Amino acid sequence: MLLRKITKHVTDQNWFAVFLDFLIVVLGIWVALMVGQWTQGQKNQSELARVKKEINDEIKPVYFYAYERLAFAPCRKARYKQLGEMLLNTEEKWPGAPGNYGDGTLTKHRVFPLVLRSPSRPWDSDEWDAALSQGILDTMDSTKRGHLVQHYNMTREINEIQYEIYIIESSMQTLFHPVEMTPSDRLRYYDVLTQADARSAKMELTAEQLIENIETNNLVVFSDEDRITISAYLNERNSKRTEIYGDCSQTVELPLLNKKDDTLLKSNESK
């Protein structure tokens with residue numbers, strides 16, 4: 001219909017009418033584009049809000065795991081030191097060094113008792129990786145996104161170190177038994193132990209940096225319901241950790257758990 005009118009106006013050389021027809025077409029296209037952009041913008045904001053919540057939920061357990069690793073550190077250092085001194089004492093026959101650990105998931109399906117034991121946790125990044133690959137995070141505040149990039153870089157590093165520690169500690173199972181060992185055998189195991197110590201120290205340092213990034217930049221928000229359920233979980237885990245590792249394990253507390261939601265939410269909404 002509009003094309004027929006434009007053709008007639010051109011044929012009649014009614015240039016003013018042609019101009020009005022052209023203006024109507026341009027305005028129609030512009031309005032359609034604006035409406036499309038607004039609709040897409042609303043959809044993007046909705047998707048971003050959903051992803052922010054999912055990322056927030058993903059960071060909550062990681063925040064706990066970082067504090068848990070630091071709470072376990074005194075036990076880890078004491079056990080490493082004990083084994084190191086035993087290995088360097090070449091004047092006495094190797095007596096065997098069974099780990100005095102309580103029951104847990106790491107021992108549930110094992111045939112041989114543990115000599116060394118460290119927590120093994122899933123430092124997840126699935127929600128972040130999925131959102132990143134879909135481009136949902138493109139509209140996120142650059143500062144907030146930068147802090148999250150730092151966070152997930154550290155979780156990936158911790159995951160890699162955790163696996164390395166597991167392999168190194170598993171390679172020392174022979175020390176459980178009172179076997180014959182030459183001085184060179186002892187030095188070899190001592191070198192392996194120092195490798196585990198170096199990787200563990202790196203993991204604990206990275207856990208400290210991860211905590212600092214989360215707390216300084218308010219990367220996680222806890223709801224009132226979280227405070228109830230997570231507080232109960234902390235009490236249970238603190239008790240279980242003492243059963244597994246003994247009194248050397250420290251109590252885990254999460255400082256952000258006691259902060260008011262509205263303060264953190266305003267900070268997050270401004271980013």
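Nothing in this text is a laboratory measurement; each read-out follows from the coordinates by a stated rule. This structure is a prediction, so every number in the text was calculated from the model and none was measured. So basically every Cβ, Gly included, is an ideal-geometry build from the backbone, and we count neighbours across all protein chains shown.
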Value of D in µm² per second that Stokes-Einstein yields for the stretch 162-240, Kirkwood Rh from Cα pairs, at 25 °C (0.890 mPa s): 151
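Using DSSP to define loop residues, name the GluC sites (Glu not before Pro) in the stretch 149-230 whose beta-carbon has at most 16 other beta-carbon atoms within 10 Å.
Details: sites: Glu157, Glu160, Glu164, Glu169, Glu180, Glu204, Glu208, Glu212, Glu215, Glu225; in loops: Glu180.
Hits after loop and neighbour filter: Glu180.
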Starting from 0.36 nm per residue, how many nanometres of slack lie between Leu256 and Arg227 once their C-alpha separation is accounted for? 9.4 nm
Let me check against my output: what whole-number percent is the relative contact order of the stretch 79-219, with C-alpha pairs under 8 Å and at least 6 apart? 38
Would you list which aspartates and glutamates come within 17 Å of Lys81, measuring only between C-alpha atoms, while excluding same-chain residues fewer than 8 positions from it? Glu169, Asp191, Asp197, Glu204, Asp247
Past the 28 Å Cα-Cα mark, which pairs from Lys77/Lys259; Lys60/Lys144; Lys77/Lys240; Lys53/Lys202; Lys52/Lys259? Lys77/Lys259; Lys53/Lys202
